[in-house]
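Values in this text are rule-based calculations from the coordinates and carry no lab data. Computed from a prediction, not measured in an experiment: that's the story for all the values here. Cβ atoms come from the backbone with ideal geometry, glycine included; neighbour counts cover every protein chain shown.
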Amino acid sequence: MFELLDAERFPAHYQTLETRKVKQLFEHWKAGSAAPVSVLDYGMGHGKYLRMFRELGLQTTGVDINPQYIEQAKAAGFEALHEAELEALGKRFDVIFLSHLIEHLDPNQLLHLLDRLIALLAPQGRLVMISPVLGERFFHDFSHVRPYYPQSIRHAFGQSSSPLSFGAHERIVLKDIHFFRDPWRTRLWRSFYIQDTPLSPFTRALNKGFDLAWRLSDGQLGATSSWLGVYHTC
């Protein structure tokens, strides 16, 4: 429970918790499958999860739009390709994984992408999405378009009594969900940025206390910052 006290291995950041949960989930799915588990990491970036999946013994394919990332992944021995080549690959996947990608898309782009990806799932396949919620960190990244919540996905891809302004062709149902917290921070205080104010020593001490509370609680005390949803096709 107190592994987060190892600050060198576990940065005080909600993505630390995401990474740990992803590893736990994929270990569990692999252990429950008699056949090899195939994973598509869509939006693989620098390959953080590609490396994890390979270490877990999964059959891994990476997709991105950045040619540099694709070449780096190929050089590291991964099957990697541009997203425009995905359908031509002719594969179906047990798990399709999207980490911090959907918030970069507008609703029409997201509907189109998920319709494409759901069609590439193997029978009984899983679609896994990780995405941040709207909070202090969200617009730190200029490329973020809007946050999506589990309700957003349900309204477009599942069953909902709410009026729909967008509708998807495919249908998915949420089977599991996890939320991740960031340590509280005084990011909207002047003394967080200006180090020589009268409040600066108190601000630093307070943020260290928030950090310790996050670590001692195994990431349970803090501001909810992201979610991970596991979806199955209907």
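Points to keep in mind about this one:
- Sum of -39500 (n - 2.57) over DSSP H runs of 4+, divided by residues of the chain (222 nm, nearest 500): -10000 deg cm²/dmol
- Rough spin-label spacing in nm, given labels placed 7 Å along Cα→Cβ, for Phe202 and Ser217: 2.2
- Potential extension, Leu89-Arg116 segment - 0.36 nm per residue separation minus Cα distance: 8.4 nm
- Kyte-Doolittle mean at least -0.5 and Cα axial length at least 18 Å: DSSP H helices in the chain: 200-216
- Which of Gln24, Ala223, Ile96, positive extreme of dipole for the chain (C-beta unit charges): Ala223
- Per the Kirkwood formula applied to alpha carbons, the chain shows a radius of gyration over Rh ratio, Rg over Rh, of 1.00.
- Taking the range 130-144 and a reference point 7 angstrom along Cα→Cβ of Gln109, the backbone N atoms nearer than 13 Å belong to 142-144.
- Lys/Arg +1, Asp/Glu -1 at C-beta; the chain dipole; positive extreme among His13, Ala122, Ala84: His13
- Full extension of the chain segment joining Ile194 with His232 gains 8.9 nm, where the gain is 0.36 nm per residue of separation less the Cα-Cα distance.
- Cα lying deepest toward the dipole's positive end in the range 30-183, options His178, Thr60, Leu111, charges on Cβ: His178
- For Ala223, net neighbour charge (Lys/Arg +1, Asp/Glu -1) across residues whose Cβ lies under 11 Å away: +2
- Placing a pseudo-label 7 Å from each Cα along the Cα-to-Cβ vector at Gln68 and Ile177 gives an inter-label distance of 3.7 nm.
- Segment Leu5..Val145, full-extension length gain: 47.0 nm, with 0.36 nm per residue of separation and the alpha-carbon distance subtracted.
- With neighbours defined as other Cβ atoms within 10 Å of a residue's Cβ, the residues Ile118, Ile172 order from fewest to most as Ile118, Ile172.
- If only the Cβ of Lys and Arg carry +1 and only the Cβ of Asp and Glu carry -1, the dipole of the chain around its Cα centre is close to 480 debye.
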